[in-house]
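Asker: Can you keep this structure in mind? I'll have questions shortly.
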Amino acid sequence: LPAIFEPARPVLQKIEEAGFEAYFVGGCVRDTILGDPIHDIDIATSAYPSEIKRIFKRTVDTGIEHGTVMILDHGIGYETTTFRTESGYQDFRRPDNVTFVRSLAEDLQRRDFTINALALRENGEVVDLFDGLGDLHRRLIRAVGDPNERFHEDALRMMRAVRFASKLDFVIDQPTRTGIKANAHLLSKIAVERTRVELEKMFLGQNPPAGLKDFLETGLYRYCPGLANAHQQLSSLLVNGNGWKLANTEQVWALLAVQLGLSGREAAKFLRTWKTSNETIKQVGKIILAVNALRHQQVTPDLMFKVGWPALSDANQVAAIYGWQRSIGDLKKQYDALPIKTARELAIDGRTLIQEGGLKPGPALGKVLNTLVEAVVNGQLANEKAVLLERAASLK
Ligand code: ATP
Ligand code: MG
C-alpha cells in the first residue's frame, strides 16, 4: 500500500475492531492501482454515522444525511461514508433517497464505472465485483450494470465517462458508448454547474482531445449551453497538434471562447450561461485579449499591463495549441521590464496631484492619472514624482 494510505490504516482497523467493515473506495483505489498520484482518500463502511461517531472522539458532520462523516485523526480528516444504495431517481438526476445498507456489494453496485467500483481493505486486499481490475488493465470505461439504466438514473454519469476518458486516457467501452449516444439528451436535465465541473475536468485531463472526441461523437455537446451548434469549431481542436494540455479552468474557458470565435462580450455571456463566477469571467476576458495579442504578435507594454502576468502566462499556454505561443522565458522578461506593474506603483497619486499639482478632484483627475500611467508603462515618461507633476501640469 502506498505511503499515503499508512496514516489512514489505523482508522480502518479501529472501525473493524468495533465489529464493522471499512474499505478504501473510489478514485483513490483506482489511481493507486494505475500508479497515479492520489489527492484524497475516501472510506466506505458498514457502520452508520452514529456508530462512527461513537467509535471516534473527533468527527465533523460533513454530509450526515448522505452518510458522510469526517473522522479527524492526528490532524488529518478522513471522509467516511456509510454503505448505501440510492433509490427513487427522478428527473434523471441524483436520487431522492439514500438508504444505508450493511453490504459492501450493494454500495459498489450503485457506483458509476467498474474502475470506480473497487474497494481496498486495510491489509491490501482488493474487492473487485465487476472486473474493474480487468478494465483498468484494458484501459476501459465501462458502466456498472446496464448502461441505459445507469444513465437514466443519473445523466451526469455520461459526462463523467468522457471526463475519465480524458483524465485517464482510457477508451469508453462500446455498450457504454452506445448507452451515452442513446441518452445524451438527458444531460439537459442536469444542473449546469455539475455538467460544468465534468467538462472542465475533461479539458484538464491527460488527453483532452480523446475526451473531446467522445464528447462530440456521443452527441453530449448538443445538450451543453452555447455548444449545440459548435461541432465544427470544436472538432478542429482535435487536429490542432496532438496531446495539448491545459493547466486551469480559466485556460479551459479561454480556449473555448477563442475556438468559438467569441468577442469579449460574447465570451462573458457564454460563461454566464455556464454559471461561472464573476472572477472567472473577468480573468478569462483578460486571457482572451492576451491570446489575440500573441496571435497577432502585438504584445505591447500596454496590453501586458492591462492583463497582468497570470493572464499572460495562461494565454501563452492556450496560444500554444495554435502555435501562436512565445517562449515563456522571453515573455516573462518582457513583462518584468514593465516600468510599473500596477497603477499603485506610480510615483504619484491623486492626492499629491491635488495638493501639489493644483488639480481638482473629479473625473478629469482620473483621466490625468490614466494618461500618466499609460505614458510610464510605455516608457515615455520616467516614473518620478517631479516628472509626473510637470506632465500633469501640462495636461490641466
Ligand atoms: P477524482 O479523482 O476526480 O476525484 P473520483 O473517482 O474520486 O475521481 P468523485 O467524483 O470524487 O470521483 O467520486 C468518488 C466516487 O464516487 C467515484 O469513484 C464513484 O465510485 C462514485 N461516484 C461519484 N459520482 C457518481 C455518480 N454520479 N454515479 C455513481 N457513482 C458515482
Ligand atoms: Mg474523488
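Asker: Residues in the range 286-309 that are within 14 Å of Gln334 (Cα to Cα) and either touching a Lys or Arg at 6+ places or on another chain (Cβ under 6 Å) or polar (S, T, N, Q) (or both): how many?
Answerer: Selection size over the range 286-309: 4.
Asker: Here is a follow-up. Residue check: is Leu133 touching a residue at least 60 places away in the same chain (Cβ under 8 Å), in contact with a helix residue (DSSP H, G or I) (Cβ under 9 Å, 6 or more places away or on another chain), of a type outside the set (Asp, Glu) and assigned by TED's automatic domain parsing to the domain that holds Asp36?
Answerer: yes
Asker: Another question about this same structure. Of all residues being away from ligand 1 (no atom under 16 Å from the Cβ) and part of a loop (DSSP other than H, G, I, E, B) in the range 1-23, which is nearest to Leu120 (Cα to Cα)? Just the residue, please.
Answerer: Applying the filter and picking the extreme gives Leu1.
Asker: Ser166: touching a Phe, Trp or Tyr at 6+ places or on another chain (Cβ under 8 Å), in a helix (DSSP H, G or I) and closer than 25 Å to Ser87 by Cβ, yes or no?
Answerer: So Ser166 fails the test.
Asker: Run down Asp146, Asp135 and say which single residue is among the acidic types (Asp, Glu), more than 17 Å from Val29 (Cα to Cα) and either surrounded by 19 or more Cβ atoms within 10 Å (Cβ to Cβ) or modelled with pLDDT of 95 or more (or both).
Answerer: Asp146
Asker: All but one of (1) within 14 Å of ligand 2 (Cβ to nearest atom); (2) part of a strand (DSSP E or B) hold for Asp36, so report the exception by its number.
Answerer: Failed condition: (2).
Asker: Right, another one. If you take the residues in the range 38-67 that are at pLDDT 95 or above and either near ligand 1 (Cβ under 10 Å from one of its atoms) or closer than 28 Å to Phe170 by Cβ (or both), which one is surrounded by the fewest Cβ atoms within 10 Å (Cβ to Cβ)?
Answerer: For the range 38-67, the residue satisfying everything is Asp42.
Asker: Given the range 292-370, what helices (runs of 4 or more DSSP H) lie entirely inside it while holding 1 or more residues that are under 25 Å from Lys396 (Cβ atoms)?
Answerer: By residue number, 301-320, 350-357.
Asker: Just name the residue that is farthest from Phe100 (Cα to Cα) out of those in the range 40-76 that are touching a strand residue (DSSP E or B) at 6+ places or on another chain (Cβ under 9 Å) and of a type in the set (Asp, Glu).
Answerer: Selected residue: Asp40.
Asker: Within the range 108-126, is even one residue in the same structural domain as Asn207 (by TED's automatic domain parsing) and either surrounded by fewer than 20 Cβ atoms within 10 Å (Cβ to Cβ) or at positive phi (or both)?
Answerer: No, the range 108-126 contains no residue that is in the same structural domain as Asn207 (by TED's automatic domain parsing) and either surrounded by fewer than 20 Cβ atoms within 10 Å (Cβ to Cβ) or at positive phi (or both).
Asker: Could you tell me which of the residues Gly26, Gly35 is surrounded by 17 or more Cβ atoms within 10 Å (Cβ to Cβ), more than 17 Å from Ile76 (Cβ to Cβ) and either of a type in the set (S, T, N, Q) or within 16 Å of ligand 1 (Cβ to nearest atom) (or both)?
Answerer: Result: Gly26 is the single residue among Gly26, Gly35 that is surrounded by 17 or more Cβ atoms within 10 Å (Cβ to Cβ), more than 17 Å from Ile76 (Cβ to Cβ) and either of a type in the set (S, T, N, Q) or within 16 Å of ligand 1 (Cβ to nearest atom) (or both).
Asker: Name the pairs: first residue in the range 260-278 and within 14 Å of Ile288 (Cα to Cα), second residue among the basic types (Lys, Arg) and assigned to a loop (DSSP other than H, G, I, E, B), Cβ to Cβ under 6 Å, at least 6 apart or on different chains?
Answerer: As it stands, the answer is none, since no pair meets every condition given.
Asker: Can you name the residue in the range 2-39 that is free of Cβ contacts under 8 Å to residues at least 40 places away in the same chain, of a type in the set (A, V, I, L, M, F, W, C) and out of contact with any strand residue (DSSP E or B) (no Cβ under 7 Å at 6 or more places or on another chain) and is also nearest to Phe83 (Cα to Cα) among such residues?
Answerer: Ala18
Asker: Among Ala364, Ala347, which is the only one that is closer than 19 Å to Leu389 by Cα and at pLDDT below 95?
Answerer: Ala364
Asker: A further question on this structure: For the range 312-329, state whether one or more residues are in contact (Cβ under 8 Å) with a residue 60 or more places away in the chain and surrounded by fewer than 12 Cβ atoms within 10 Å (Cβ to Cβ).
Answerer: Yes, the conditions are met somewhere in the range 312-329.
Asker: Out of His185, His152, report the one residue that is in contact (Cβ under 8 Å) with a residue 60 or more places away in the chain, in contact with a Phe, Trp or Tyr (Cβ under 8 Å, 6 or more places away or on another chain), part of a helix (DSSP H, G or I) and surrounded by fewer than 19 Cβ atoms within 10 Å (Cβ to Cβ).
Answerer: His152
The values are calculated or read from the model by the stated rules, or taken from the named source; none is laboratory data. Bear in mind that the values here come from a model prediction, so they are computed numbers and not experimental data. Neighbour counts run over all protein chains shown; Cβ positions are idealised from the backbone, glycine included.
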